[in-house]
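Note sheet for the following structure.
Just so you know, all these numbers are worked out from the coordinates, no wet-lab data involved. The structure presented is a predicted model; accordingly, all values stated were derived computationally and were not measured. Note: ideal-geometry Cβ built from the backbone for every residue, glycine included; neighbour counts use all protein chains shown.
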Ligand code: 13P
């Protein structure tokens with residue numbers, strides 16, 4: 001199985017376009033020849049700059065969200081075609097912060113995943129349990145449900161194009177990383193779920209990332225786990241040196 005490790009940054013609501021420009025120039029130099037695939041998911045206002053400055057580099061660019069409608073009266077939203085026209089290749093969908101603060105539901109996540117695939121943008125589909133759910137021992141059921149609903153309506157061939165990111169909410173921005181074993185066992189269960197529903201080919205070829213306080217010090221161990229194919233990195237993706245270490249982990 002050749003699932004290439006993906007080091008994906010999620011900048012969240014950080015960096016102005018001018019800050020992004022100087023950061024990306026430095027990053028491009030620093031991750032040149034990195035071992036892993038490198039992706040940065042940046043705010044809408046930085047996309048054009050990011051795409052331009054990464055042309056001819058090994059860095060791909062993603063958005064952090066998009067709408068599931070094609071166009072129309074949806075004030076404040078951004079469509080798949082708008083992203084495509086800029087040259088954006090990836091989009092984060094269903095991040096827990098969007099689910100928590102902006103009423104993103106499993107249903108809208110599903111609609112967005114379907115739209116992204118239809119348009120040829122790679123969705124980075126986020127899932128993960130809260131601390132309460134972990135303590136209630138419903139992590140596996142919860143994450144399976146999120147994944148099954150999010151992928152509903154996709155063919156097996158299309159599921160393989162999705163990047164899944166397992167991000168336990170209690171580990172995001174808290175400095176409290178899941179242990180390698182905790183992270184790997186949920187990623188393994190997501191893969192088992194894909195195997196049951198879509199078969200071996202999909203399970204063996206779909207990339208599953210871990211996210212939640214990934215940093216320069218823990219990335220190598222996490223990425224070495226059987227079922228973890230890289231990371232979705234928040235805070236540490238905002239520092240060139242740290243993200244470069246992660247890109248080589
Ligand atoms: P941190 O790496 O800052 O914990 O954020 C993780 C995350 O939410 C990435 O999407």
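Odds and ends about this structure:
- Remark: pairs (first residue in the range 233-245, more than 13 Å from residue 219 (Cα to Cα); second residue in a loop (DSSP other than H, G, I, E, B) and more than 6 Å from the ligand (Cβ to nearest atom); Cβ separation under 6 Å; 6+ apart in sequence or on different chains) = 238/14.
- The sole residue among 228, 246 that is buried (at least 16 other Cβ atoms within 10 Å of the Cβ) and part of a helix (DSSP H, G or I) is 246.
Let's see how each residue does on (1) touching a helix residue (DSSP H, G or I) at 6+ places or on another chain (Cβ under 7 Å); (2) in contact (Cβ under 8 Å) with a residue 12 or more places away in the chain; (3) away from the ligand (no atom under 16 Å from the Cβ):
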site: 149; (1), (2), (3): yes, yes, yes
site: 155; (1), (2), (3): no, no, yes
site: 165; (1), (2), (3): no, yes, no
site: 183; (1), (2), (3): yes, yes, no
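- Of all residues in the range 192-217, those satisfying the criterion of being closer than 17 Å to residue 10 by Cβ, more than 10 Å from the ligand (Cβ to nearest atom) and surrounded by 21 or more Cβ atoms within 10 Å (Cβ to Cβ) are 207, 208.
- Counting residues in the range 93-104 that are within 16 Å of the chain's Cα centre (by Cα) and either part of a strand (DSSP E or B) or on the phi > 0 side of the Ramachandran plot (or both) gives one or more.
- Test: residue 189 is surrounded by fewer than 17 Cβ atoms within 10 Å (Cβ to Cβ), away from the ligand (no atom under 11 Å from the Cβ) and in a helix (DSSP H, G or I): no
- The listed residue being part of a helix (DSSP H, G or I), in contact (Cβ under 8 Å) with a residue 40 or more places away in the chain and within 22 Å of residue 6 (Cα to Cα), out of 112, 107: 112
- Tally of residues being within 23 Å of residue 66 (Cα to Cα) and out of contact with any strand residue (DSSP E or B) (no Cβ under 9 Å at 6 or more places or on another chain) across the range 21-43: 1
- Counting only residues that are outside any loop (DSSP other than H, G, I, E, B) and under 18 Å from the mean Cα position of the chain (by Cα), the range 129-144 holds 2 of them.
- The set of residues from the range 63-83 being in contact with a helix residue (DSSP H, G or I) (Cβ under 6 Å, 6 or more places away or on another chain) and surrounded by fewer than 19 Cβ atoms within 10 Å (Cβ to Cβ) comprises just one member, 78.
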